[in-house]
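The structure appears below as structure tokens.
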Amino acid sequence: MTTTDFAVALPDENAGPWERTTYAFLCEKHRRSGSMRTAVGYSRMLNDAFGRIGKTPDQITSQDVFAWAYGVGLSGKQPSSVTVGARIACVSSYYRFCQRMEVLAHNPADAVQRPRVAPGVPRGLTAEEFNTLTTDARQPFLHRPLLATYPPGSIFKVVTAAAGLERGGYSTSSTFHCSPVWTGLGEAYAKNNWQTVDRGYLTIAEGLMASCNPVFYDIAVKVDQTDPGILPEFARGFGYGGPTGIEGLDEAAGLVPDAEWKEQNVGEAWYTGDAVNMGIGQGYVLVTPLQIANAYSAIAGDGTLRKPLLIKGIGQAGGTAVQERAAEVIGPLPVSSGTLSTIREGLRLVTQSSGGTSYQVFLGSSVDAAGKSGTAEDISFGANHVFFVAYANRSAPSIIALAALETGESGSREAGPMVRAILEAHAGQ
């Protein structure tokens, strides 16, 4: 049986020494620089990993690190001989354990999750180690990709764009003023854009490129005044507000607020300001990282939302799979082919246009990627959450990757490079 644990891509007992050593050494480098706290039981695994090849951490060269990080085994394998799954597992392990973030990756064509790493912690935990982890305020056992919910921030803007194009009366050529300050609800309710420069007039695709808040404020006002149920309806159509349907795992539903929900839970009427906040992924809306990845997988693919698939085939080890499985279709995204093309163009501009928020992150990469960043304010949590999601290659997407940092400042600057590394590892670079 093929197993996957995409939340904890930790090298297990069966992992090759290159994978264990890469993880151990890269984390040690971060520990020495003071950017991470030594994990419980970490030194034991570190000593074991280096002991297998007769080297101490001080004997490892930067050339060794470069080679191992890109999948060259200690046995002398060339990068081309290392599996794609192993490359992604290596990169994901590094980010998950060295930088306390979550990584999701899967193929948009079949929604199969990666990295494919057997679950489990090497050699188990002592009772003391287990108690330390279970009482840690950071909740290391919380399965964040499926059970933690966050405001999505600008990642959500594709939903608002879809609602505006389908139900707001806007077209691909409609333009909006991307000003530093937006006063669409009156001077008393002025809202700032995240940039202090005037970007001029932008189309919806260019609004995604620049992640311009005023563009999506304007759209949210229009669709809310048309019908307050439109934006919540489109959010649900992209898979938010309900479980993804992933098999065999518990998951949170998230929250898509509407007038009825607010009346029942807040005791107040729904205002256009609620839609404005929701239009940029703020306010009451909450999503899981898996819901984000699944929604963008549908955008990257054929516009069909599917239940994420953990097991693609079942068979004997080393043999041919005797049972092939396919991801179950949930339904099409609530968009026309024209709207889907506009959204995809906006995501391309994010990474490939000089005006894109992540242009510098992907500059020089031969991966033909499209994606979106998100930075979400969370006052109750006390910090911003940051996201970056992207797929490649655009002509025939075979991977989508999402990086989510629970605490951060910029989705593009912090999570973007992580996603680029994963996409390039998948491409074998």
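Numbers for the structure displayed
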| quantity | calculated |
| --- | --- |
| Any chance residue 398 is polar (S, T, N, Q), farther than 24 Å from residue 204 by Cα and touching a Phe, Trp or Tyr at 6+ places or on another chain (Cβ under 9 Å) | yes |
| From the options 196, 135, 203, 149, residue that is free of Cβ contacts under 8 Å to residues at least 12 places away in the same chain, among the polar types (S, T, N, Q) and out of contact with any His (no Cβ under 8 Å at 6 or more places or on another chain) | 135 |
| The lone exception for residue 125 - which of (1) buried (at least 16 other Cβ atoms within 10 Å of the Cβ); (2) modelled with pLDDT of 60 or more it fails | (1) |
| Wholly enclosed helices (runs of 4 or more DSSP H) of the stretch 132-229 bearing at least 1 residues farther than 28 Å from residue 382 by Cβ | 157-167, 204-210, 213-226 |
| In the stretch 376-429, residue surrounded by the fewest Cβ atoms within 10 Å (Cβ to Cβ) [restricted to those that are of a type in the set (Ser, Thr, Tyr) and not in a loop (DSSP other than H, G, I, E, B)] | 407 |
| Selected residue [within 20 Å of residue 160 (Cβ to Cβ), exposed (fewer than 14 other Cβ atoms within 10 Å of the Cβ) and either touching a residue at least 24 places away in the same chain (Cβ under 8 Å) or not aromatic (Phe, Trp, Tyr) (or both)] from 346, 338 | 338 |
| Residue match in the stretch 170-181 (condition: under 25 Å from the mean Cα position of the chain (by Cα) and in contact (Cβ under 8 Å) with a residue 60 or more places away in the chain) | no |
| Sole residue being in the same structural domain as residue 336 (by TED's automatic domain parsing), crowded, with 17+ Cβ neighbours inside 10 Å and free of Cβ contacts under 8 Å to residues at least 40 places away in the same chain, chosen from 229, 241, 237 | 241 |
| Every residue from the stretch 362-391 that is among the aliphatic types (A, V, I, L, M) and either out of contact with any strand residue (DSSP E or B) (no Cβ under 8 Å at 6 or more places or on another chain) or assigned by TED's automatic domain parsing to the domain that holds residue 283 (or both) | 363, 379 |
| Search result, residues across the stretch 254-277 that are more than 17 Å from residue 220 (Cβ to Cβ) and buried (at least 20 other Cβ atoms within 10 Å of the Cβ) | 254 |
| Residue list for the stretch 144-169, filter: more than 16 Å from the chain's Cα centre (by Cα) and at positive phi | 169 |
| Options 218, 224, 198; residue that is more than 21 Å from residue 415 (Cβ to Cβ), assigned by TED's automatic domain parsing to the domain that holds residue 284 and touching a helix residue (DSSP H, G or I) at 6+ places or on another chain (Cβ under 6 Å) | 224 |
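Here is a yes/no grid of residues against (1) farther than 26 Å from residue 370 by Cβ; (2) among the hydrophobic types (A, V, I, L, M, F, W, C); (3) not assigned by TED's automatic domain parsing to the domain that holds residue 246:
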residue	(1), (2), (3)
294	no, no, no
299	no, yes, no
305	no, yes, no
311	yes, yes, no
314	yes, yes, no
323	yes, no, no
327	no, yes, no
335	no, yes, no
347	no, yes, no
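The values are calculated or read from the model by the stated rules, or taken from the named source; none is laboratory data. Worth saying up front: this structure is predicted, and the values here are computed from it rather than measured. Heads up, the Cβs are rebuilt from the backbone with ideal geometry, glycines too, and the neighbour counts pull from every protein chain shown.
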